[in-house]
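K.L.:
To start, I am sharing the structure in question, which I have written as structure tokens.
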Amino acid sequence: MDYLTYWGLARRPFARDVHPFFFSGNSQREAIAGLGYFVAGSWNSALLVAPPRSGTTFLLEQLTQARGFGDCAAEVVLTSGTHCRSDKNRVTRELAKAVGAEIVDGSDPVHAINRAIDATSRAGIRTVWLVDKCDAATATLARDLVMADGDLSVVMATEPGFVGNLSSAFGRCCMQIEVEPIDVAETFDYIASALEHAGLTAKPSQPGTFTDTSVVRMHEIAEGRMAALAHVAELALQHAAAIRSHRITTGIVESAITEMQSSAAA
């Protein structure tokens, strides 16, 4: 019996599955509001800074579904960097595809991107380019495009340790938006909401629930970082099902983490 059947779940509650659950805590809402202020304002470049495994990728994916920010209509596109030296040509091709730029053999792809952005602008729509795990090569391309086209806004997502290198590569002042870890109370809300989204209908005294101490321990292990918390919670569910436990306790959380670490070291 797989763990979803064991718990009576319709889908994986803490994984980015076919029907992923997006939890918006205070920090996520503040970041989204900050991005709205950024797009509607005079800034055309921003850094979205978050510790590793904070769920930034999922947040950016959610933003691509936005039709705009406030009164500002926007076409939001997303590409990914690598946090290291990447192929600038690859990034250019990915962006060209995202904005619907038509590239003819032998033509300049950057020029094609600018034409596509200009066409979108004439329709009264601003292009917002989100870059996940932005690297120096992508930041340099973003700077060139922003300087060439006033109707492009770029948001470069990165970790605190990469801010200096990214700022140096971009070479211009950027608005900075931070995504902070969620607090303990939000962790409780996240666990309960994700389980409900996955179809759990059990009452607190029935199988499939986490004890309060296990939720606190998961929060400590993940340090409030969303992606790390989701991973720990999913592991704990799987481990509890494997040993046929009716409750996810602190001991089960610790065992799941130990087992994961042992497998990674093997």
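K.L.:
Could you derive backbone 3J(HN,Hα) for region 24-33 from the dihedral phi with the Karplus parameters 6.51, -1.76 and 1.60 (θ = phi - 60°), listing whole Hz in sequence and x where the residue is Gly or Pro?
P.N.:
Whole-Hz 3J(HN,Hα) from phi for region 24-33: 10, x, 4, 5, 5, 5, 5, 5, 5, 5.
K.L.:
At a Förster distance of 25 Å, what's the computed FRET efficiency of R67 paired with A185, Cβ-Cβ distance as r, to 0.05?
P.N.:
With a Förster radius of 25 Å, E is 0.20.
K.L.:
Here's something else I'd like to know. Restricting to bridges with both residues inside region 26-178, how much of the DSSP beta-bridge set is antiparallel, in percent to the nearest 5?
P.N.:
Bridges in region 26-178 that DSSP calls antiparallel: roughly 10 percent.
K.L.:
Between V216 and A242, with labels modelled 7 Å along Cα→Cβ, what's the label distance in nm to one decimal, could you check?
P.N.:
2.7
K.L.:
State whether region 26-178 is rounded, prolate or oblate according to the following rule on the C-alpha gyration tensor (a ≥ b ≥ c being the square roots of its eigenvalues): a/c under 1.5 gives rounded; otherwise a/b larger than b/c gives prolate, and the remaining case gives oblate.
P.N.:
The shape class here is oblate.
K.L.:
Please return the longest range in the chain lying between exposed loop sites, taking trypsin sites (Lys or Arg not before Pro), DSSP loop only, at most 15 other beta-carbon atoms within 10 Å, and leaving the sites out.
P.N.:
The answer is 86-171.
K.L.:
Hey, what angle do you get for helix 136-148 against the long axis of the chain, alpha-carbon based, 0 to 90 degrees rounded to 10?
P.N.:
Long axis of 136-148 versus the principal axis of the chain: about 40 degrees.
K.L.:
Calculate how steeply helix 88-99 sits against the longest principal axis of the alpha-carbon atoms of the chain, using the helix alpha-carbon long axis, and give the answer as 0 to 90 degrees to the nearest 10.
P.N.:
Helix 88-99 sits at roughly 90 degrees to that axis.
K.L.:
Same structure, new question: For the chain, which whole percent of the accessible surface, found with a 1.4 angstrom probe, sits on carbon and sulfur atoms?
P.N.:
After summing per-atom areas, the C and S share lands at 51 percent.
K.L.:
If r is the Cβ-Cβ distance from Y3 to S121 and R0 is 41 Å, what FRET efficiency results, to the nearest 0.05?
P.N.:
E between Y3 and S121, to the nearest 0.05, is 0.25.
K.L.:
Just the number, please: percent antiparallel of the DSSP beta bridges in the chain, rounded to the nearest 5.
P.N.:
For the chain, the DSSP antiparallel bridge percentage is about 10.
K.L.:
What do you get for the angle between helix 184-197 and the principal long axis of the chain? Use alpha-carbon atoms, 0 to 90 degrees, nearest ten.
P.N.:
Roughly 90 degrees between the two axes.
K.L.:
Under the Karplus relation 6.51 cos²θ - 1.76 cosθ + 1.60, θ = phi - 60°, what is the ordered set of whole-Hz ³J(HN,Hα) values for region 222-231, x standing for Gly and Pro?
P.N.:
The phi angles translate into 7, 6, x, 8, 4, 5, 5, 5, 4, 5 Hz.
K.L.:
Using a 1.4 Å probe, what is the accessible area per residue for region 26-178, in Å²?
P.N.:
Dividing the accessible area of region 26-178 by its residue count gives 48 Å².
K.L.:
Around S45, which amide H atoms from residues at least 5 apart in sequence, or from another chain, sit under 5 Å from its own amide H, with H modelled in the peptide plane?
P.N.:
V154, M175
K.L.:
Compute log10 of I(q)/I(0) for the chain with the Debye formula, placing one identical point scatterer on every Cα and leaving out solvent, at q = 0.07, 0.14 Å⁻¹, to two decimals.
P.N.:
-0.31, -0.96
The values are calculated or read from the model by the stated rules, or taken from the named source; none is laboratory data. Everything numeric here is computed off the predicted structure, so don't read it as measured data. For neighbour counting, all protein chains shown are included, and Cβ atoms are generated from backbone atoms with ideal geometry for every residue, glycine included. Ligands, DNA and RNA are stripped out before the accessible areas are found, and what is left, the full protein with its side chains, is counted by its heavy atoms. Shrake-Rupley method; radii C 1.70, N 1.55, O 1.52, S 1.80 Å.
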